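The values are calculated or read from the model by the stated rules, or taken from the named source; none is laboratory data. The model shown is predicted, which means the values in this text are computed figures rather than measured ones. FYI the Cβ positions are ideal-geometry reconstructions off the backbone, even for glycines, and counts take in every protein chain you see. For accessibility, only protein heavy atoms count, side chains too; no ligands or nucleic acids. Shrake-Rupley method; radii C 1.70, N 1.55, O 1.52, S 1.80 Å.
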Amino acid sequence: MRVLLVEDEPDLGSAIKRTLNLEKYIVDWVLDGNEAWDYLENQWTQYTLAIIDWMLPGLSGLELCSRLRTRRNPLPILMLTAKDRMEDKVGGLDAGADDYLVKPFGMAELLARLRALQRRSPQFQSKELTVGNLTLDYSNSMVVSQNHQGDKQIISLTNKEFQLLEYFMKHPHQIVTTEQIRNQLWEVSAEPVSNVVAAQIRLLRRRLASSGCGNPIETMHGVGYRLNLTVDILPTVNGGDS
């Protein structure tokens, strides 16, 4: 999952980002409200959660929440602040925050509140995603394939391979560009590597092929890639890495 972290305290922001990375979140961390709004308006980046500090340079956390809700953006938001008065909490929630965490706080509580946001949010209600003969099980980060006879096999994937397959399965039969994949699955601040997407797709193809799923990821030369699961996939020896 991809999280936008908006926190202008360097030590706290770094600690939160490190904690979330260990929990396998993709984190874009910004220190300014105006920059955060630029990220939120970026059509290529789809966040699943936002952690926003109340007091920020540029746009405040309240202003960010209000702008999102005015545009009917349902992004789940956890507000961070040192303000602990009841009227402050009410103001933050009324501005559009879904939850409120008062500083100082422990990282275990932060993670628990993020999990609670996910449980309450409609976009996280589904525990499985199925396309063709592949199923992503979000409850245990597992991928299952099913053959013609109904036999099921668990496919072992790394975290990045799981994220990549999930992205394809959320856009089945659509052509997605290398830039779209990079923008969604790698942090904005990450050093760009020209072949990182192609390399990751090769690894995913090998995993799928070794599990008898063939090569459902097509290369659309000069355009991008497409997940094609319109028919049952027959077992194959060579997955193809073109």
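Tabulated results
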{"item": "Accessible area in square angstrom per residue, segment 1-95, 1.4 angstrom probe", "result": "49"}
{"item": "Accessible area of segment 132-225 divided out per residue, in Å², using a probe of 1.4 angstrom", "result": "49"}
{"item": "Neighbour-limited loop hits for trypsin sites (Lys or Arg not before Pro), segment 91-183 (at most 13 other Cβ within 10 Å; DSSP other than H, G, I, E, B)", "result": "Lys127"}
{"item": "Rg to Rh, two decimals, where segment 9-152 supplies the alpha carbon set and Rh follows Kirkwood", "result": "1.05"}
{"item": "Max mean-square fluctuation residue, GNM over the chain, Cα-Cα springs under 10 Å, options Leu157, Leu22, Leu185", "result": "Leu22"}
{"item": "Accessible area, probe 1.4 Å, largest first, for residues Met86, Met169", "result": "Met86, Met169"}
{"item": "Under the Karplus curve 6.51 cos²θ - 1.76 cosθ + 1.60, θ = phi - 60°, whole-Hz ³J(HN,Hα) for segment 86-103, x wherever Gly or Pro sits", "result": "4, 5, 5, 4, 4, x, x, 5, 5, 6, x, 5, 8, 8, 9, 10, 8, 6"}
{"item": "Calculated FRET efficiency for the pair Asp84/Ala108, C-beta based, R₀ 22 Å, to 0.05", "result": "0.70"}
{"item": "Projected-area average for the chain over all orientations - Cα convex hull basis, square nanometres", "result": "13.8"}
{"item": "Accessible-area composition of the chain, carbon plus sulfur, in percent [1.4 Å probe]", "result": "50"}
{"item": "22 Å Cα-Cα reach of Lys127 towards lysines, excluding residues that sit fewer than 8 places from it in its own chain", "result": "Lys24, Lys152, Lys160, Lys170"}
{"item": "Two-site FRET efficiency, Ala199 against Lys127, from Cβ-Cβ distance with R₀ of 51 Å, rounded to 0.05", "result": "0.95"}
{"item": "Computed helical MRE - 222 nm, the chain, DSSP H runs ≥ 4 contributing -39500 (n - 2.57), nearest 500", "result": "-11500 deg cm²/dmol"}
{"item": "Simple spin-label estimate for Gln174 and Asp8 in nanometres, 7 Å along Cα-Cβ", "result": "3.6"}
{"item": "10 Å Cβ shell holding at most 16 others, DSSP loop, chymotrypsin sites (Phe, Trp or Tyr not before Pro): longest site-free stretch of the chain", "result": "139-242"}
{"item": "Label-to-label distance, nm, for residues given as Met142 and Asn21 (7 Å Cα→Cβ offset)", "result": "3.0"}
